Amino acid sequence: MSDLGSVDAKETFRRVKRHFSPALSVAGKFSGQGAVEASSDGCRVTLSDGRSVLDFGSYAVALLGHRNPAVLDAVRAQLDVMPASTRTVQSAAAPLAAEKLTEYFSGALNRVYFGCGGADAVEVALKLARMATGRTTVVAVEGAFHGKTLGALSLTHNERFRAGLEPLLHSVVHIDPDDPRAMARVIAEQDVSALFFEPVQAENGVRLLDEDVLASWCRDAQEHGAFVISDEIQVGLRRCGAKSVALEAGLPVDAVLLGKPLGGGVVPVSAAVGNDRLFEPLLSDPMRHTATFSGHPLGTGVIPTALATIEQHAADGERIAAAMAAGLAEIREQQGDVVVETRGRGLLWGIDFTTAEVSGNVLAGLAQSGLVVSPCISRPTTVRLLPPIVATDEDVKEALSLLSGAIAQAAASS
């Protein structure tokens, strides 16, 4: 644990302003009310001024909370043995993690590529689909967020992130999420290599895509010989209840992309878990896509423990999800003048407010009262809550109470 006295908030903000961005410094001062993070444990983060805040945000990383004991033990064990690989001699951690991942999905997908961040998994899936089919056109969904590296950004729909960088990959088509025939129309005009979708669009205000529409797109893609890629970097691994939202729905996907909580909330690691057909280019030549830290032992060494620990708390996730659904429905009923809608699944919830100003005032109130949430960068009127799967009933009650108070305060000032 950090010594609070050793964390100088003023110096930290000065460094952020000087070396990163003045805007980030201002945003950090707002979020922490002048303090910075000093230490973390479980569902709570201790700030440099001594305040303890409840973390229902962290952009889906802290599913197991902060510094989960089992995860820390696994990291320490790998750190003591071999944290990095020669990349010439094979090491044991990554193959074992790959085996555990394929077992986690009951053998439905048997090939794995490991990256460090979510965009890494998107990039390799995108490249594999184009190499395996020899086609360039890729279909994504309006409202999608797949990352900000250039390939992933081509699939991301938000113009805010694309501005000044276009043309990106010119052969990406974004389709209407409510149109079951959209995929068929694209296929009628172009040779499509892959369909990418998020079964729940977290950055787009926690929008749940219709499973019947997804099923129609998947059938059309399969008949055309195109790959189906489910991006579950933010919503898989029990975040939305299922191990894989797409596989639980019976969708015929060729790959599931994972990240965020895959490293147990401690180490950065991501994965593209797919089938032989998609991975054929790497089966033929594994040098077609490589990265220095792909499959690094410290990251992959924690995956078996992270998966096992998540499954130990699966029932807890269901309990928390039910409490969140009931609590947010009550807030919606009580605060209908400023709350337009609450929606979500499992441990991912979005609250739509009437205006971005109201949403901002709610965030300001939560910053003061001590609840960390995640704004939706693609929808400024929406605030996201991502409770950890290790949250207690008391944690959930506290979060809902703080949220209700902040909304009431924002409503009074609007």
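The values are calculated or read from the model by the stated rules, or taken from the named source; none is laboratory data. Owing to the predicted nature of the structure, the values given are computational and were not obtained by experimental measurement. With ligands, DNA and RNA removed, areas are computed over all heavy atoms of the protein, side chains included. Shrake-Rupley method; radii C 1.70, N 1.55, O 1.52, S 1.80 Å.
Quick notes
- Base-10 log of normalised Debye intensity for segment 343-414 (one unit scatterer per alpha-carbon) at q = 0.13, 0.27, 0.28 Å⁻¹: -0.35, -1.35, -1.41
- Note on the chain: helix-only mean residue ellipticity at 222 nm, from DSSP H runs of 4+ residues weighted -39500 (n - 2.57) and normalised by residue number, equals -13000 deg cm²/dmol.
- Gyration tensor (alpha-carbon) shape descriptor, segment 220-287, a/c threshold 1.5: oblate
- For segment 210-321, the solvent-accessible area of protein heavy atoms averages 34 Å² per residue (probe radius 1.4 Å; ligands and nucleic acids excluded).
- q = 0.33 Å⁻¹, segment 85-129: log10 I(q)/I(0) [Debye, one scatterer per Cα]: -1.06
- Candidate lysines - alpha carbon under 17 Å from LYS127, same-chain residues fewer than 8 apart omitted: LYS148
- Answer label, with Cα Rg over 2.2 N^0.38 Å calculated from the coordinates and candidates (1) 1.17; (2) 1.11; (3) 0.98: (3)
- Kirkwood hydrodynamic radius (C-alpha pairs) into Stokes-Einstein, segment 154-202, 25 °C and 0.890 mPa s, D in µm²/s: 198
- One Cα centroid belongs to segment 168-246, the other to segment 89-146; the line between them spans 15 Å.
- Cα centroid separation, segment 248-274 to segment 343-414: 26 Å.
- Among beta bridges that DSSP assigns inside segment 112-223, antiparallel share in %, nearest 5: 20
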